[in-house]
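Asker: Please find one structure pasted underneath; my questions will follow.
The values are calculated or read from the model by the stated rules, or taken from the named source; none is laboratory data. Keep in mind that this is a model prediction, so the values were computed, not measured. Every residue, glycine as well, gets a Cβ built from its backbone with ideal geometry; the counts of neighbours run over all protein chains shown.
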Amino acid sequence: MLKRNVNGILLFNKPIDVSSNAALQRVKRLFQARKAGHTGSLDKLASGLLPICLGEATKISNFLLMADKYYETTLTLGATTLTGDSEGEILQTRPTDNITHEQIEKAVQSFLGSSEQIPPMYSALKHQGQPLYKLARQGKTIERKARIITIYDIEIQSLIDNYLSIKVHCSKGTYIRTLAEDIGEALGCGAFVSRLHRIGVGNYWDMVDYATLEQQTSMEELDKLLIPMQTAISHWPKVDLSTELAYYIKQGQAVQTSQAPADGWVQLFSGELFLGIGQVLEDGKVTPKRLINYN
């Protein structure tokens with residue numbers, strides 16, 4: 001099959017029971033894309049927003065990895081599992097009869113702010129090239145470094161029997177399964193994730209499912225579902241370069257422009273054309289960091 005140089009971001013609604021890599025390969029085949037990558041794995045149990053970068057958009061995928069995430073999740077209270085979700089065997093059960101809504105509200109709110117979180121063994125993080133979940137399935141436990149994560153907001157949506165549904169706004173690298181286990185321990189009853197749906201990544205909220213992709217009758221129609229790659233960094237300052245300055249930037253040279261902010265990352269444009277990502281140096285010049293090749 002002939003591969004295409006197609007550039008853009010697809011906001012894909014990953015279904016449950018499909019791995020993030022399998023979803024990526026499906027989309028890549030459908031678009032006949034030469035190059036593609038996703039921006040942060042979702043477990044097979046999880047569904048929801050998985051931004052997939054096609055072509056040159058893969059050059060800015062790392063900045064989507066850094067973006068805040070938004071989830072809707074249901075916790076099953078009163079039990080813990082080996083994996084922290086409903087796929088693992090139950091390790092322990094405890095009663096939930098005496099837990100009040102006020103106790104749940106207090107426990108949930110106690111996790112707001114920054115804290116250290118140790119990634120679970122059942123995760124895609126790698127140790128010496130091997131995913132931790134594969135080692136966990138072999139009965140091995142590897143020491144993991146705690147990472148700083150931030151929970152910006154937790155909203156209780158419903159409590160039906162022992163099923164607690166919450167909405168979470170968190171920083172990159174946050175494991176919702178670990179958060180669920182921690183909430184369960186704070187309540188003294190244990191908990192695991194029985195449903196997880198990612199509803200937002202950064203400033204992205206809309207999603208396209210696979211059925212919609214398959215309904216498109218041409219590559220032109222498929223391509224209309226892609227969004228411009230620069231939308232991933234639209235919150236950065238925009239520097240519009242003259243034709244002459246754009247030429248030097250494309251040669252990899254730093255340039256002086258009055259449009260540049262004092263420091264930080266910037267979007268580089270020449271008129272309507274997105275050139276890539278730049279960074280302001282200490283001397284005030286803008287240097288290219290990731291340039292887009294449209295050939």
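Asker: Got at least one residue in segment 36-45 being touching a residue at least 12 places away in the same chain (Cβ under 8 Å), closer than 17 Å to T212 by Cα and either touching a helix residue (DSSP H, G or I) at 6+ places or on another chain (Cβ under 6 Å) or of a type in the set (V, I, T) (or both)?
Answerer: No: segment 36-45 contains no residue that is touching a residue at least 12 places away in the same chain (Cβ under 8 Å), closer than 17 Å to T212 by Cα and either touching a helix residue (DSSP H, G or I) at 6+ places or on another chain (Cβ under 6 Å) or of a type in the set (V, I, T) (or both).
Asker: Follow-up question, since we're still on this one. Under 6 Å between Cβ atoms, which residue pairs at least 6 apart in sequence (or on different chains) link something in segment 162-175 that is over 15 Å from K145 (Cβ atoms) with a partner that is among the small types (G, A, S) and assigned to a strand (DSSP E or B)?
Answerer: S165/S158
Asker: Then there's this: For the condition touching a Cys at 6+ places or on another chain (Cβ under 9 Å) and of a type in the set (A, V, I, L, M, F, W, C), what is the one hit in I166, I148, I176?
Answerer: The unique qualifying residue is I176.
Asker: Does segment 9-54 hold any residues that are surrounded by fewer than 23 Cβ atoms within 10 Å (Cβ to Cβ), hydroxyl-bearing (S, T, Y) and modelled with pLDDT under 95, and which are they?
Answerer: If the condition is that a residue be surrounded by fewer than 23 Cβ atoms within 10 Å (Cβ to Cβ), hydroxyl-bearing (S, T, Y) and modelled with pLDDT under 95, then S19, S20, S41 are the ones that fit.
Asker: Please specify each residue of segment 46-64 satisfying the condition of being within 25 Å of I183 (Cβ to Cβ) and not in a strand (DSSP E or B).
Answerer: A46
Asker: For segment 214-253, give me each residue that is free of Cβ contacts under 8 Å to residues at least 24 places away in the same chain, outside the structural domain of D283 (by TED's automatic domain parsing) and either over 23 Å from T39 (Cβ atoms) or in contact with a helix residue (DSSP H, G or I) (Cβ under 7 Å, 6 or more places away or on another chain) (or both).
Answerer: Q215, Q216, T217, S218, E220, E221 - these are the residues of segment 214-253 that are free of Cβ contacts under 8 Å to residues at least 24 places away in the same chain, outside the structural domain of D283 (by TED's automatic domain parsing) and either over 23 Å from T39 (Cβ atoms) or in contact with a helix residue (DSSP H, G or I) (Cβ under 7 Å, 6 or more places away or on another chain) (or both).
Asker: Could you check L268 against (1) of a type outside the set (V, I, T); (2) surrounded by fewer than 16 Cβ atoms within 10 Å (Cβ to Cβ); (3) part of a strand (DSSP E or B) and say which number it fails?
Answerer: Condition not satisfied by L268: (2).
Asker: Could you give me the residue pairs with C-beta distances under 7 Å whose first residue belongs to segment 12-26 and is closer than 11 Å to I52 by Cβ, whose second residue is in a helix (DSSP H, G or I) wherever it lies, and which are 6+ apart or on separate chains?
Answerer: F12/A23; F12/V27; K14/S20; K14/A23; R26/Y210
Asker: Only one of these is under 16 Å from the mean Cα position of the chain (by Cα) and not assigned by TED's automatic domain parsing to the domain that holds I227: T73, T96, T58, T83. Name it.
Answerer: Exactly one residue qualifies, and that residue is T73.
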